1. Would you please put 50-61, 185-196 in order of how densely packed they are, using the mean number of other Cβ atoms within 10 angstrom per residue and starting with the highest?
2. Order the peptides 376-387, 411-422, 131-142 from the highest to the lowest mean number of other Cβ atoms within 10 Å of their residues.
3. Treat each spin label as a single point 7 Å out from the Cα along the C-beta direction, and report the residue 313 to residue 256 distance in nm.
4. How would 443, 275 line up from fewest to most surrounding beta-carbon atoms within 10 angstrom?
5. Any idea what the relative contact order of the range 361-484 is, in percent, if you count C-alpha pairs under 8 Å spaced at least 6 apart?
6. So if we plug the beta-carbon distance of residue 285 and residue 533 into 1/(1 + (r/R0)^6) with R0 = 56 Å, what FRET efficiency do we get, rounded to 0.05?
7. Just want the ordering: 294, 506, from fewest to most Cβ atoms lying within 10 Å of their own Cβ.
8. Which of rounded, prolate or oblate describes the range 48-116 when judged by the alpha-carbon gyration tensor and an a/c cut-off of 1.5?
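Derivation of every value follows stated rules applied to the coordinates shown; laboratory data play no part. It should be emphasised that the depicted structure is a prediction, and the values quoted were computed from it without experimental measurement. Every residue, glycine as well, gets a Cβ built from its backbone with ideal geometry; the counts of neighbours run over all protein chains shown.
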Ligand SMILES: Nc1ncnc2c1ncn2[C@@H]1O[C@H](COP(=O)(O)OP(=O)(O)O)[C@@H](O)[C@H]1O
Ligand SMILES: [Mg+2]
């Protein structure tokens, strides 16, 4: 080990608290960073650790009581290492048994601690490779460590096995990061995707905050990426090829959809009971029947069903607001949504754009109706597969991306909405969520604890930080990592899909990236077409 890498030696420690390392006299705390990845070399094991704290010490209490005034460089160097020194707290995350043969060495959870005077050193490129692997069929390059230029990969197979979250305050790069991950999933075929694109930013190219024109996922993946829109007018806009305009029928709106909108519609607390009475009488038709009622009808119904007339009138007024939305029609078949499920079966992905209908009300209503139907189809498919064990029946894992996730997953709603159900049932039916949110504290704590992997940019509010760290072990170190992020394009990765927490600089979403996920230049496209043609007809000619 070269001296340049060596930082210090372990002087004390406890399994639960981590290790205390005394820094070598020539190592300055200013050259280190909280949360960075370091390695402790024990006699038998190599421990991969995070720096969780730094402190300054003095062997002689008089130094603190009477520090030398204007200490010259000479004085400081005389004191350094003997009278004054610095210590680090480091927390082992993983270990490798070096006494085993190369091919038998596996990354293991930490089960012990090294003895006194084990050395601490900086992580090398080799260490990063050992822990974070390399890009391959299931690992996707997400960016680089803050101090080095090598790829850090996300395990997409593990990522798509559980629901996940992307957090960070506004402008930290959440939507860009979501797009990076989605591109990885599409190009490596780890899952199919349903993306609720509230702000029209996933499908087509648009200008970034840095005034650069960036490509949308439709531009990158062509017909693999189907685009649905709620807004017929914006779907007709030039240069946008939308596959279908989606309509929602009053017959498809259920009580739970309306209750989800309690806040948006400012519903009275009695709304739930009134809807119950309407459902008892009119069953699936309750919404249409209520909206069509005359004041006399309302009076009559209130009398006979024992409802409060005024609150029923208020409910009607509010639900008429929904009925008037441009994409709502009196009756709609489920065929459009079932068609989506069919597209997932063939490996296609869907982006739903909201266009002008971008009020939270539209977003929540439509996302809820579609997701409920899609999940039902998945449950049926999963049950069929359980019976037949036919690989053709195996559901393709589906990941549903929702922005502004706290609107669906707040403590008040998480028990009632389909999104709460999906997050809680893990991957039982092969459907998972990718929640994107700037206010994680608004999400129910139980749901947060179910998220397998969390990616977070800078957060400043205490309760948001706490919420992202729900259920994370070794919180002090991880918290320090979260707090020390820059405000842009730096994120912390924690959980199931990464071997240990790490801060990264997010990969750039640019031309180089487009090519990496398979976008061809004009010449390449031509060459590929020619090759496909020869492959096809060349083979036919031989027969
Ligand atoms: N990976 C990236 N590559 C290129 N630019 C990025 C990247 N991440 C963020 N940006 C820049 O930061 C801006 C804000 O990112 P965005 O994802 O819209 O933030 P958020 O969704 O968190 O509000 C973008 O418009 C873009 O200019
Ligand atoms: Mg965003």
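1. 185-196, 50-61
2. Top to bottom by mean Cβ count within 10 Å: 411-422, 131-142, 376-387.
3. Distance between label points: 3.3 nm.
4. 275, 443
5. 22
6. Result of the calculation: an efficiency of 0.50.
7. 294, 506
8. Taking the square roots of the gyration eigenvalues as a ≥ b ≥ c, the range 48-116 is prolate.
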